[in-house]
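Trainee: Take a look at the following structure, please.
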């Protein structure tokens, strides 16, 4: 792990790995230009040879950069350093979603969860490619307007 910790493009010094998943690892880093801490989501190198996957990663970054909501982190930058592709986001010190307030909300039951879900879906509606219907369905649509995925809100 220590060999992975370095500086990206002379700007972002990776300080520690704070999470990892199937497609990326997340690091706490320091933006050397602006002197602030940031979170960097770095795509696993094993996935960078797939052009389709890279396009989806970049599309995710652009979509997230267009979200403005108090419960969603701000995207500051997207970049590449060699074979390393990354998204630079606002760093929030605290618990992860797995252990934080949302996990508590899930345990509180459907009414509390639906309130959080409604806020989240409302934020997604503002992003191009998402549509929230009066029925409570969220559609992810492609560039031609074809429905790809449908998400529904929890029933009461």
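Trainee: How many residues are free of Cβ contacts under 8 Å to residues at least 40 places away in the same chain and either surrounded by 15 or more Cβ atoms within 10 Å (Cβ to Cβ) or closer than 21 Å to residue 83 by Cβ (or both) when one looks only at the stretch 30-60?
Mentor: 18
Trainee: Also: I need a count of the residues in the stretch 12-54 that are closer than 14 Å to residue 79 by Cβ and touching a helix residue (DSSP H, G or I) at 6+ places or on another chain (Cβ under 6 Å).
Mentor: Residues flagged as closer than 14 Å to residue 79 by Cβ and touching a helix residue (DSSP H, G or I) at 6+ places or on another chain (Cβ under 6 Å) within the stretch 12-54 amount to 1.
Trainee: Read through the list (1) surrounded by 15 or more Cβ atoms within 10 Å (Cβ to Cβ); (2) out of contact with any strand residue (DSSP E or B) (no Cβ under 7 Å at 6 or more places or on another chain), then give the number of the only condition that residue 80 fails.
Mentor: Going through (1) surrounded by 15 or more Cβ atoms within 10 Å (Cβ to Cβ); (2) out of contact with any strand residue (DSSP E or B) (no Cβ under 7 Å at 6 or more places or on another chain) one by one, residue 80 breaks only (1).
Since every read-out is calculated from the coordinates, none of them should be taken as a lab result. Predicted model only: the values in this text are computed from it and were never measured. Note: ideal-geometry Cβ built from the backbone for every residue, glycine included; neighbour counts use all protein chains shown.
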